[in-house]
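Everything on this sheet refers to the single structure shown next.
Throughout, read-outs are computed from the coordinates displayed, never taken from laboratory work. This is a predicted model, so every value here is computed, not measured. Because the Cβ atoms are built from the backbone with ideal geometry, glycine has one as well, and the counts that use them run over all protein chains shown.
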Amino acid sequence: MGGLFNVENPFWTFVGKLSDAMLLGAIWLLCSITIIGFGPATTALYYVSFKMVRNEENYVFKMFWKSFKENFRQAAIIGVINLILALLIVYDLWVYYNQDTKLSAYLFVLFLVFAFIWIIGSIYIFAILSKFANSIKVMYVMAFALSIKHFGTTLICLAIFVACAAATIVVFPLLVFIGGACIFFMAYPLRRVMDIYTQKILDRQAAETSAASETPKSSEELPEDPSGDEAPEAEEVDNTSEPWDDVPEEDTPAGDEENN
């Protein structure tokens, strides 16, 4: 019994993390009301959640605001883009659902597919932004690519999202905290995907740094050979990057991820 009530028990540790995530969910909801704060708050929630599932969290509220400020510009733009896309998709679904024609039926199914793509892309885009530094265009491409390549993880995240939405419908006051809990639970399967690409990027950067340090100086800078022979030509170093389906060339771990 003593172990059960020990605050360092894994069960209570998990409950403590979930409680922090739910409190952050309330902050996320307040930030999201402003619309422009939705993206930065979601990115910050992913950032802290990834830290918590890796047992690297420290002052979670301070970490939340740190990520919120550092990623504000890109996250706000992505949040607005996602909102506009969502409104367009919902409007078209409503229009074609209320039209009684064969063409409208096909278009309704088409926009259902668009809605599915939008949802799975949205799951990954803010997770990627919380971990990597890159252009918005590249992050969108990477989000949709990873959602398909790691479709099993995508389905798990969708199941978590649906379960949280259903819980909110049953117990509406959960709306205040459910956002933090939802992203916290999704961080567990997403962590494996993010760690794969973080490690690949770091390994590639280490290899490129090592290759650069081992490259001989140009022939003009090589010391003169006492024998009078010409200095040997420097060997060509292969600096080709990994293919796109492994790691996008431009991605670099953002912030303190390089040191994790």
Exercise. Once label points are set 7 Å from the Cα along Cα→Cβ at both L175 and S104, what is their separation, rounded to one decimal in nm?
Worked result: 2.9
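Going through region 97-188, which chymotrypsin sites (Phe, Trp or Tyr not before Pro) have at most 11 other Cβ atoms within 10 Å and a DSSP loop state?
Values: sites: Y97, Y106, F108, F111, F114, F116, W118, Y124, F126, F132, Y140, F144, F151, F161, F177, F184, F185; in loops: none.
Passing sites in region 97-188 do not exist.
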Exercise. Can you run phi through the Karplus equation (6.51, -1.76, 1.60; θ = phi - 60°) for region 120-129 and list ³J(HN,Hα) in whole Hz, with x for Gly and Pro?
Worked result: 5, x, 5, 4, 8, 4, 6, 5, 5, 4
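Which FRET efficiency, nearest 0.05, do Y188 and I119 yield, Cβ-Cβ r, R0 22 Å?
Numbers: r = 19 Å, r/R0 = 0.86.
Step by step, r from the Cβ atoms, then E = 0.70.
Based on the Cβ-Cβ distance from S213 to V141, what FRET efficiency comes out when R0 is 51 Å, to the nearest 0.05?
On the way: r = 32 Å, r/R0 = 0.63.
Plugging the Cβ-Cβ distance into 1/(1 + (r/R0)^6) gives 0.95.
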Exercise. Karplus couplings for region 136-150 from phi (6.51 cos²θ - 1.76 cosθ + 1.60, θ = phi - 60°), rounded to Hz, Gly and Pro as x?
Worked result: 4, 4, 5, 5, 5, 4, 5, 4, 5, 5, 5, 5, 8, 5, 10
Exercise. With charges only on Cβ, +1 for K and R and -1 for D and E, what is the dipole size of region 10-214 about its Cα centre, in debye, rounded to 20?
Worked result: 160
For this session: Could you calculate the contour length gain from K62 to Q205, that is, 0.36 nm times the residue separation minus the distance between their Cα atoms, to one decimal place in nm?
Result: 48.5 nm
Exercise. Extension gain I81-V95, at 0.36 nm per residue separation less the Cα-Cα distance, in nm?
Worked result: 2.9 nm
Seminar exercise, completed: With label points set 7 Å from each Cα along the Cα-to-Cβ direction at K149 and L30, the distance between them in nm comes to 3.9
